[in-house]
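The values are calculated or read from the model by the stated rules, or taken from the named source; none is laboratory data. Owing to the predicted nature of the structure, the values given are computational and were not obtained by experimental measurement. Positions of Cβ are backbone-derived with ideal geometry, glycine not excepted, and every protein chain shown enters the neighbour counts. Surface areas here come from the heavy atoms of the whole protein model, side chains and all, with no ligands, DNA or RNA. Shrake-Rupley method; radii C 1.70, N 1.55, O 1.52, S 1.80 Å.
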Amino acid sequence: MAKNPFYNALIALAYIVAIVSGLFWAPRILNFQQQSILYPMAALALLVCSVALMAYLFFYQPVILLLDGKRDEAAAFFLRTLGTFAAGTALILLVSILVNGGNA
């Protein structure tokens with residue numbers, strides 16, 4: 001996506017928030033009641049898509065840097081992306097705990 005590790009991590013977090021929000025709210029809004037064989041198929045397809053996107057966001061730029069012989073830059077880029085993602089995840093968990101009063 002971007003050559004900025006912070007943007008990559010924020011895009012990953014935004015993607016996760018969007019997918020989870022959609023999966024949480026869509027059944028309530030559309031009144032889905034019945035189960036179907038299509039749900040597990042859609043879940044598996046979503047998993048594959050998510051893994052591919054996360055691999056691209058986390059590994060593409062570091063691999064390019066590594067192939068260019070910039071090992072230290074590749075490691076730093078990956079660690080900045082991972083650190084930003086971890087901080088964002090911690091923030092989401094903290095907000096969730098504060099909003100739900102510990103009843104997550």
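So the values come out like this:
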{"item": "Fully extended contour minus Cα-Cα distance, from Asn100 to Leu47, at 0.36 nm per residue", "result": "16.3 nm"}
{"item": "Percent of C-alpha pairs per 10 Å bin, the chain, short to long", "result": "13, 33, 29, 18, 6, 1"}
{"item": "Carbon and sulfur %, accessible surface of the chain computed with the full protein complex present, 1.4 Å", "result": "73 percent"}
{"item": "Accessible area in square angstrom per residue, the chain, 1.4 angstrom probe", "result": "74 Å²"}
{"item": "Residue list for region 14-35, given a label point 7 angstrom along the Cα-to-Cβ vector of Ile92 and an amide N cut-off under 19 Å", "result": "14-27"}
